[in-house]
1. Being among the acidic types (Asp, Glu) and touching a strand residue (DSSP E or B) at 6+ places or on another chain (Cβ under 8 Å) is the filter; apply it to the stretch 188-239 and report the residue that is farthest from PRO148 (Cα to Cα).
2. For the stretch 157-195, what are the residues that are under 16 Å from ARG221 (Cα atoms) and either at pLDDT below 85 or of a type in the set (Asp, Glu) (or both)?
3. State the number of residues belonging to the stretch 63-122 that are of a type in the set (A, V, I, L, M) and either at positive phi or modelled with pLDDT of 90 or more (or both).
4. Across the stretch 8-45, what is the total count of residues that are closer than 30 Å to LEU62 by Cβ and exposed (fewer than 10 other Cβ atoms within 10 Å of the Cβ)?
5. Given the conditions (1) touching a helix residue (DSSP H, G or I) at 6+ places or on another chain (Cβ under 9 Å); (2) touching a residue at least 24 places away in the same chain (Cβ under 8 Å), report the number of the one that VAL249 does not fulfil.
6. Which numbered condition trips up ALA31, out of (1) closer than 24 Å to LEU176 by Cβ; (2) without any contact (Cβ under 8 Å) to a residue 24 or more places away in the chain?
Amino acid sequence: MGRVTRRTPARQIRLSAEQAVTVSTRPETLAVEEPLEIRVDGRALTVTMRTPGDDFDLALGLLLTEGVVTRASDVRRSMHCLDAGEDGRPTYNVVDVTLAADVPALPASSQHPLLTTSACGVCGKASIDAIRLRSRYAVRDDPQSLSPQLLASLPDRLRSRQKVFDRTGGLHAAGLFTAEGELLAVREDVGRHNAVDKVIGWALRQERLPLTGHVLCVSGRASFELTQKALMAGLPTLVAVSAPSSLAVELAAETGMTLVGFARGQRLTVYAGSQRVVIPDEQRDHAAG
């Protein structure tokens, strides 16, 4: 679609050690943020602010993590509606998902608020407890085993594939890894939750669900919403570069998920599910505790 980035003039101000001010004008590259309306069977479900691209993955990932669909066969068709902008050209900002005939239609009471933002948390949810009960996968039973070295390496591997971030510095990313550290899919977006939905939507289309034995790595913090999205896809481990929230840790502990935060360089903190992080005895001698 060619609308992932946009150039804009900006004034750059630099201060010297002597507090002298230097001003220059130069074009800057920005990450594009535009609304995406998601429709189900022709009915508007929600609008989210996102970075254009991988829109079908985003729509399907959101439907999966909201419990609307559970498998690729639940979706009969995904298509962009030919909505037009003020210039008369298609915006590709509306996706209509047609569900399979045997998938229950959405009741009117399930309709989301019509606008969510790219920084959305748990928006418009009637009950956090209701969300916790939706996952059909028991990640607690996943026998996955991971080394601290592998977990610590994931953020750098993810960062090396953030092509649009290199140009803008303004996007989050989510990456899906195997237990051996192979990077299967990367998605970028101005919204952390959108990047995760895009990765999960990709996995749904590839008929890889549940994501048993896989690891999700995110470039920012681990919120409750990102943790529940991982659970909906059957992911046993979530790794974040920054801190988790209290609700994220509680949800991970209750469901048997491994939650890792502050994975930066040679350090990481395991907040839940430490049984999956295996440290050999010969290495443990060098650990503090």
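The values are calculated or read from the model by the stated rules, or taken from the named source; none is laboratory data. All figures in this text were calculated on a predicted structure; none of them were measured in a lab. Positions of Cβ are generated from backbone atoms using ideal geometry, with glycine treated the same way; all protein chains shown enter the neighbour counts.
1. ASP189
2. GLY170, LEU171, GLU188, ASP189
3. Total satisfying the criteria: 14.
4. Of the residues in the stretch 8-45, 2 are closer than 30 Å to LEU62 by Cβ and exposed (fewer than 10 other Cβ atoms within 10 Å of the Cβ).
5. With respect to (1) touching a helix residue (DSSP H, G or I) at 6+ places or on another chain (Cβ under 9 Å); (2) touching a residue at least 24 places away in the same chain (Cβ under 8 Å), VAL249 is out only on (2).
6. All conditions pass for ALA31, except number (2).
Here's the yes/no breakdown for (1) of a type in the set (D, E, K, R); (2) buried (at least 21 other Cβ atoms within 10 Å of the Cβ):
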position: MET49; (1), (2): no, no
position: ASP54; (1), (2): yes, yes
position: LEU64; (1), (2): no, yes
position: GLY67; (1), (2): no, no
position: ARG77; (1), (2): yes, no
position: HIS80; (1), (2): no, no
